[in-house]
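Q: Quick one: structure below, then a few questions.
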Amino acid sequence: MMASLLLQHPSFLFILAAVLMPLFQRLRIHKAVLVAVPLIAIYQINTLPSATVACPYLGLQLSFIRADQLTYIFLNVFTIMALIGAIYSLHVQDWAQHTAAFLYVAGSLGVTLSGDYVTLFIFWELMALASTFLIWLRRTPLARGAGLRYLLVHITGGLALLAGIVLKYSATRDLNFVQVPVSAAGIADYFIMAGFMLNAAVPPLHAWLADAYPEATVCGSVFMCAFTTKTAVYVLCRAFPGFEVLAVMGAIMAVYGVCFAVIENDARRILSYHIISQVGYMVCGIGIGTDMAVNGACAHAYAHILYKALLFMGVGCVLEMTGKQKLSELGGLWRRMPWAMVFTVIGGISISGFPFTSGFVSKSMVIAGAGEAHRTGLLVMLMLASVGTFLSVGIKLPYFIWFGKDSGVPAKDAPWNMQAGMAIAAFFCFFIGCYPEFLYRMLPRPGEYEPYNAYHFSETVQVLGFTGLGFYLLRKKLAPVAKLNLDIDWFYRKGAQVVMQLASGPISAIDGLVGELYRTAGMRSAMAAARGLTRFDIGVIDFLIDGFAGRVVVMGEHFRNMQTGQLQHYIAAAAIFIFLLLICVVLV
Amino acid sequence: MLLKILSFLNNRIPVLKWCFFAVLAASSLADIFVPRHEEHFFGDPIRLFWTAFGLVCCLAMSFMCKWISKHMIARSEDYYDG
């Protein structure tokens, strides 16, 4: 059974390929493997057993495969994304990057398929660890620091999750990963939710994302933007639909993300803040919890993975070809990198929700879900976030990279495989937008939704059009400035610096002082006291009894002096001893 | 090929600009006549609500975020290096 389980589980091939990647590279077949494994996985997810498969282990029932309608939509987009990411990174010669990316995908698929919390936790940590290497493998000092912070934050989140799991097990002896009813949620569930929310980058647990993603490798960030947060969306959708805290925090993070995106200068950081914003729509939809809102969250996760990856790929091409990702250092690249521009703009209009793109048919479902549930406050916040989205990613980002003032940075269009990856993602943006049934068929909850009606169309064109007019009026004011904006990570980054300064300054000085005091005062007095006590022992106590101890010491000293330390002497002594022994035996 | 199309468009920016304004006018005008099937919140029945919402929010968000950045959270790029 174990063997068939392994072959059925899509993570297995990813892990196997990841481990053997150095060998594949040596044999020069790694490109074929990089494409073949995701293709097999796309097929595999259609052949999964419908019943949950459980394996007994240490008295627990581990469910490695639990496939239903909710897992299917996420598995579908994850495997498609793995294929796009693999094609985009075909030119990379560093096998470690491919290994890390495949382990990361394996972790994400494993989490999506796990039916119990122990299995989930194992794959959850695999994701965290593998993705850290996608940052470190950029091999710059900035990436090393960002990767370490990323790992520490995710370990903390993992510990919150683990604490929740342990509490849950001790309270209920049940580790099945199923929906938690709002009325039955206890402290254990909230610990688990906090662990999930950290990965979904819900403020104030979000700063790791905008800190780490801009420093990752070009291909690493394409993978990372798709999997960590969306796996978190899946687990929240599985366990916590209808929790009010998610609805409110989701709407807040949707606005929070775009506000930072409006003022940021680093192109990949703008996109990172937009992940926070877009995941906000999904978290909000899950929190509202109605069929329409949850369907909207899933649909938006699907669409978001593809257009966000497209945006990261487009900006990644610019970074790969020019070595720059700050808007203030770029500009006027449209003549030199026209295809990257076209693809990025397609990603930009999709994320903004233009009609006939994927964002239009998915984002509006969440907003309609908020409207149907009569959540006016949430609805207005989500609409506000879509204004900010179009302003910063739809217009500002492409404008200051490809148009605006020509920076004179030399560049040319990226290698064919990067273009191919972008072309596939761009195709899906339009395909889903024009044929939403493809996406709606996979949704987990029942319900009908028709995105293309006259009012919705007119509403979208007005909002986006007049946002465009606003940018046109303010384009000089919105010019990026070469500055860094503080976020929540200030607390631990500055906090760590303060701790380091304290450690290297006052704490180190006190430690030195105490050491010196001990050496001068403590050590000498202790030695003197010890000598005095020895004299007292030998001179008084031993003398008063029989002097035996004193004589043992003297004899010991003599024996010690007999030791020459030369091997031949010992051998000779042993030989003499054996000779004498033999004589005794013979004579007696 | 793509570059030719882009150059063609780039040479006609004033035309594009007027096209953009025409789309804006058309979308606002259309909103006056578009029927509302379901009204979910107070803004839905108001004509030109989304026109005003888009423009006002864009301007307000730009000014506020830029102000907060400039006066409160912007630091030099080597702020964390020290």
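Here, each number is a calculation from the coordinates, and none is a lab measurement. Computed from a predicted model, the values in this text were never measured in an experiment. So basically every Cβ, Gly included, is an ideal-geometry build from the backbone, and we count neighbours across all protein chains shown.
Q: Which one, B:Ile46, B:Ile32, B:Ile68, has the greatest fluctuation when you compute a Gaussian network model over chain B with C-alpha springs under 10 angstrom?
A: B:Ile68
Q: Here's another thing I want to ask about it. Relative to the longest principal axis of chain A, what angle (0 to 90°, nearest 10) does the C-alpha long axis of helix A:187-199 take?
A: 70 degrees
Q: Which links in B:Lys17/B:Lys70; A:Lys326/B:Lys66; A:Lys396/B:Lys4 stretch past 28 Å when you go from one Cα to the other?
A: On the way: B:Lys17/B:Lys70 31 Å; A:Lys326/B:Lys66 17 Å; A:Lys396/B:Lys4 24 Å.
With Cα atoms farther than 28 Å apart: B:Lys17/B:Lys70.
Q: Ok, one more. Any idea which of A:Leu142, A:Gly369, A:Gly164 is furthest toward the positive side of the dipole for the protein assembly as shown, if Lys and Arg beta-carbons carry +1 and Asp and Glu beta-carbons -1?
A: Farthest towards the positive pole: A:Leu142.
Q: Binned at 10 Å from 0, what are the whole-percent values of the Cα-Cα distance distribution for region A:52-94, short to long?
A: In whole percents, the pair-distance histogram is 24, 28, 26, 20, 3.
Q: Right, another one. Using +1 at the C-beta of Lys and Arg and -1 at the C-beta of Asp and Glu, which of A:Cys429, A:Gly388, A:Leu330 has the Cα lying farthest in the positive direction of the dipole of region A:244-482?
A: Of the options given, the answer is A:Leu330.
Q: Still on this model: According to a simple spin-label model (label point 7 Å from Cα along Cα-to-Cβ), what is the distance in nm between A:Lys477 and B:Val15?
A: 3.3 nm
Q: Right, something else. Using a simple charge model, +1 on the beta-carbon of Lys and Arg, -1 on the beta-carbon of Asp and Glu, nothing else, what dipole does region A:1-240 show about its Cα centre, in debye to the nearest 20?
A: 440 debye
Q: Along each of the three principal axes of the Cα atoms of chain A, give the extent in whole Å, ordering the values from largest to smallest.
A: 119, 59, 56
Q: Another question about this same structure. Which one, A:Ile15, A:Ala128, A:Ala67, projects farthest toward the positive side of the charge dipole computed for region A:1-128 from Cβ point charges (K/R +1, D/E -1)?
A: Towards the positive end, the residue furthest out is A:Ile15.
Q: Something else: To make sure I understand the rule: partners must be aspartates and glutamates, Cα under 19 Å from the Cα of A:Lys477, and not fewer than 8 residues away in the same chain. Which ones qualify?
A: Correct list for A:Lys477: A:Glu264, A:Asp266, A:Glu329, A:Asp406.
Q: Could you work out the pair-distance distribution P(r) of region A:517-587 from its alpha-carbon pairs, with 5 angstrom bin width and percents rounded to whole numbers?
A: All Cα pairs considered, the percentages come to 3, 13, 10, 11, 12, 11, 11, 11, 8, 5, 3, 2, 1, 0.
Q: When all C-alpha to C-alpha distances in region A:189-264 are sorted into bins of 10 Å, what percent of pairs does each bin hold, rounded to whole numbers?
A: 17, 50, 28, 5
Q: Please order A:Cys584, B:Cys58 by the number of other Cβ within 10 Å, starting at the fewest.
A: Listing A:Cys584, B:Cys58 from fewest to most nearby Cβ atoms yields A:Cys584, B:Cys58.
Q: Just subtract the alpha-carbon distance of A:Glu516 and A:Lys405 from 0.36 nm times their residue separation and send over the number in nm, one decimal.
A: That pair, A:Glu516 and A:Lys405, stretches by 33.6 nm at full extension.
Q: Can you compute the modelled spin-label distance between A:Ala526 and A:Val35, with each label point 7 Å from Cα toward Cβ, in nm?
A: Result for the modelled spin labels: 7.1 nm.
Q: Now for a separate question. Per q in 0.23, 0.25 Å⁻¹, report the Debye log10 I(q)/I(0) for region B:22-71, using one uniform scatterer on each alpha carbon and no solvent.
A: The calculated log intensity ratios at q = 0.23, 0.25 Å⁻¹ are -0.86, -0.93.
Q: Further, regarding this structure: Please report the relative contact order for region A:282-394, taking Cα pairs under 8 Å with a sequence separation of at least 6, and give it as a percent rounded to a whole number.
A: 34 percent
Q: While we're looking at this one, here's another question. Angle between the Cα long axis of helix A:358-372 and the longest principal axis of chain A, 0 to 90 degrees, nearest 10?
A: The angle comes out at about 90 degrees.
Q: Let me ask another. As a test of the formula, what do you get for the protein assembly as shown when each DSSP H run with n ≥ 4 contributes -39,500 (n - 2.57) and the sum is divided by the residue count, at 222 nm and rounded to the nearest 500 deg cm²/dmol?
A: After summing the helix terms and dividing by residue count, I get -22500 deg cm²/dmol.
Q: With only Lys, Arg, Asp and Glu charged, each at its Cβ (+1 for the first two, -1 for the last two), find how big the charge dipole of chain A is about the Cα centre; round to the nearest 20 debye. Present the calculation step by step, with values, prior to reporting the outcome.
A: Details: 38 positive and 29 negative charges, 288 e Å.
Dipole of chain A, to the nearest 20 debye: 1380 debye.
Q: Follow-up question, since we're still on this one. Relative to the first principal axis of the alpha-carbon coordinates of chain A, what is the inclination of helix A:95-113, with its axis defined by its Cα atoms, in degrees from 0 to 90 and to the nearest 10?
A: Here the helix axis deviates by roughly 70 degrees.
Q: For region A:244-482, compute Rg over Rh where Rg is the Cα radius of gyration and Rh is the Kirkwood radius from the inverse mean 1/r over Cα pairs.
A: A ratio of 0.98.
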